[in-house]
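These notes are about the structure you will find just below.
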Amino acid sequence: MTAQAAESRELATVIGLEVHVQLETETKIFCGCSTDGGEEPNTNTCPVCLGLPGALPVLNEAAVESAVKIGKAIDASIPEETTFHRKNYYYPDLPKNFQITQYDSPICQDGELEFSHEGDSRTVGIRRAHLEEDPGSIKHAREGTGPLDSRTTGIDRADYTLVDYNRAGTPLMEIVTRPDFRDPGEVRAFLEKLEEVLEYLGVFDATRDGSLRIDANLSLIDAEDVHDDGSIDEAVLEAANRTEVKNISSHKGAETALAFEASRQKKLVQSGREVAQETRHFNETHGNTVGMRSKEEEKDYRYFREADLPALRVSHWKEDIDIPELPDARRDRFVSEYDLSEEAASKLTSTKQVADFFEAVAERFDADLAATWVADELLGELNYRDMLITDVEDRFDEIERLVELVADDEITAKNAKETVLREMLDEGDDPDAIVDREGLGKTSGDAVQQAVAAAIEENPDAVADYEDGDDGAINFLVGQVMGKTGGSADPGEVNQLLRAELDG
Amino acid sequence: MSESVVDPDEVRHVADLARVDLDDDEVERFTEQFADILSYFETLDEVPEVEREAELTNVMRPDETHEGLSQDEALENAPDSEAGHFKGPKVS
């Protein structure tokens, strides 16, 4: 094809993902070592996860339960029988020189996940999701006398390798999508939704470092090969050269890496060159992807059945294990049950912690007040401070107390938000202490009544104006009362009290 | 099984996967030895078929932590270590 012909081609981007998520269990997948990474290297290991001779793996029931929950959430089928395989490759992060994973009978097959992107609802197919063990973590280091941290470096500049097996054996779920994504923005929206669902299931902790790792396949095809319903023939996909981008560890990283990769491939195609089928490494700092030396092909992994692990027959667990209400269902229920707007309901169901907290507050007070305080005030102030709901999770009772102060009319909503909530977040004090310190308690009825009487007595001109029919004079008197009470009285109430006094 | 089952390129490939450096003499020697080893498996053809024992299924353990090894114990067999890590050659 000439460069000119190439330039005129309309291209479509095709992306598929392999998402690795760490499952939130107490212990590793094949041994009783804790999954708390710990600061000190090699302090959570045993003969099994160090791959010492003779050690035997025994599967963690909780990891299987988590996998079944994920299967239910993505509407996958759990096959009658599922087995484990050894994937052989030599790298120091694998103490056994093989990784125990699943091959031809993964625990979850043929699922899907719906998410919304730019206002449209999209559904992406999930080919499979399987259990496997996480490798250990590697540091590349240079010789020298300084502290280790100052000598860790990139793989190309290293003199030697240091390995920590604390992570080795942490249960992972690898979720493999169909090549259903058409642009990097969709990938980001999907990952956000996936993480939300996994957190709702209680099987995943997004705040844990390295808990989400993504490999993405990207290829370009002729736009005319995409059918009207968005499907693409298998043969077209097979024929397209694709790159696999590794080392992506965040939603934003996925979008950046794939946007870079799509435009890199487009430039090649448009200048009449071919895209090499290869593995590329995402460099988060530079926002680009770099070709890696060729790795093993599938057949080189010499997969074979892990004879130390008997087969699993857990398809009936799908009926036995309950999963919590998922974000979409909960959002719809919030709209109908609490009469919230779609927008408010979406905000309130964005994480399980927020949704649970909202429901607790709504039950004690009322839904409108709860929605305002959780969705608008709390999330707004947290967002402004780059804080997450998990940062204040252990202070929910204090925040509820603040809502109670407003609900009981003990402080004004304005003071509650602009002073109390902000100081709670900035200084860590409890609401009552702040109300006392700042003197925000609404002045009691008697004191307001006295201030009203004093304002009338001290301002005969304004009273005369009001009695002559100048309704604006009342505002002057309200101002006087507010001044006397230090702003803690309720202006509406003061207005009524004044009128009652003057009209009476 | 004839000796042509394994050729020197295959030996080089396997050595490469195992990150083992072989010189030409070794490649030649291992080519023969690989073929020998594979031929031993022919012996299995002579084993009479037996009924397979019923396989175990669903062997699992509860999610409870067990005391593992201390850092010193974990590193005891390591030829080299540094700052609590296993230490090895650089990798590519």
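The values are calculated or read from the model by the stated rules, or taken from the named source; none is laboratory data. What you see is a predicted model, and the numbers here were worked out from it, not measured in a lab. FYI the Cβ positions are ideal-geometry reconstructions off the backbone, even for glycines, and counts take in every protein chain you see. Surface accessibility is based on the protein's heavy atoms, side chains included, excluding ligands, DNA and RNA. Shrake-Rupley method; radii C 1.70, N 1.55, O 1.52, S 1.80 Å.
Go through region A:20-54 residue by residue and tally those that are aliphatic (A, V, I, L, M) and within 15 Å of A:Leu94 (Cα to Cα).
Matching residues across region A:20-54 total 4.
Yes/no per residue for (1) at pLDDT 95 or above; (2) β-branched (Val, Ile, Thr); (3) not in a loop (DSSP other than H, G, I, E, B):
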position	(1), (2), (3)
A:Asn42	yes, no, no
A:Val48	yes, yes, no
A:Ala67	yes, no, yes
A:Pro106	yes, no, no
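What's the number of the condition B:Glu53 fails, among (1) assigned to a loop (DSSP other than H, G, I, E, B); (2) within 7 Å of chain A (Cβ to nearest Cβ)?
(2)
In this structure, does B:Ser81 turn out to be modelled with pLDDT of 95 or more and either more than 7 Å from chain A (Cβ to nearest Cβ) or in contact with a Phe, Trp or Tyr (Cβ under 6 Å, 6 or more places away or on another chain) (or both)?
Yes; evaluated as a whole, the condition is true for this residue.
If A:Ser121 satisfies all but one of (1) within 30 Å of B:Gly84 (Cα to Cα); (2) open to solvent by 50 Å² or more (accessible area, probe 1.4 Å); (3) not in a loop (DSSP other than H, G, I, E, B), what's the number of the condition it fails?
Unmet condition: (1).
Could you identify the single residue in A:Arg264, A:Arg273 that is in the same structural domain as A:Gly125 (by TED's automatic domain parsing), within 25 Å of A:Glu296 (Cβ to Cβ) and among the charged types (D, E, K, R)? Give the steps one after another, and end with the answer.
Numbers: A:Arg273 fails: within 25 Å of A:Glu296 (Cβ to Cβ).
On inspection, the qualifying residue turns out to be A:Arg264.
A:Asp320 fails exactly one of the following numbered conditions: (1) in contact (Cβ under 8 Å) with a residue 12 or more places away in the chain; (2) open to solvent by 20 Å² or more (accessible area, probe 1.4 Å); (3) closer than 23 Å to A:Ile74 by Cβ. What is the number of that condition?
Of everything listed in (1) in contact (Cβ under 8 Å) with a residue 12 or more places away in the chain; (2) open to solvent by 20 Å² or more (accessible area, probe 1.4 Å); (3) closer than 23 Å to A:Ile74 by Cβ, A:Asp320 misses just condition (1).
Let's see how each residue does on (1) outside the structural domain of A:Ile389 (by TED's automatic domain parsing); (2) under 15 Å from A:Glu501 (Cα atoms):
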| site | (1), (2) |
| --- | --- |
| A:Asp426 | no, no |
| A:Asp429 | no, no |
| A:Ile434 | no, no |
| A:Gln449 | yes, yes |
| A:Glu457 | yes, yes |
| A:Ala464 | yes, yes |
| A:Asp470 | yes, no |
| A:Ile474 | yes, yes |
| A:Gly483 | yes, no |
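Any residue in region B:30-52 that is open to solvent by 80 Å² or more (accessible area, probe 1.4 Å), in contact with a strand residue (DSSP E or B) (Cβ under 9 Å, 6 or more places away or on another chain) and more than 19 Å from A:Asn97 (Cβ to Cβ)?
No, every residue in region B:30-52 fails to be open to solvent by 80 Å² or more (accessible area, probe 1.4 Å), in contact with a strand residue (DSSP E or B) (Cβ under 9 Å, 6 or more places away or on another chain) and more than 19 Å from A:Asn97 (Cβ to Cβ).
Which number in (1) modelled with pLDDT of 90 or more; (2) in contact with a helix residue (DSSP H, G or I) (Cβ under 8 Å, 6 or more places away or on another chain) marks the one condition that A:Thr390 misses?
(1)
Return yes or no: is A:Asp110 part of a loop (DSSP other than H, G, I, E, B), free of Cβ contacts under 8 Å to residues at least 60 places away in the same chain, on the phi > 0 side of the Ramachandran plot and open to solvent by 20 Å² or more (accessible area, probe 1.4 Å)?
no
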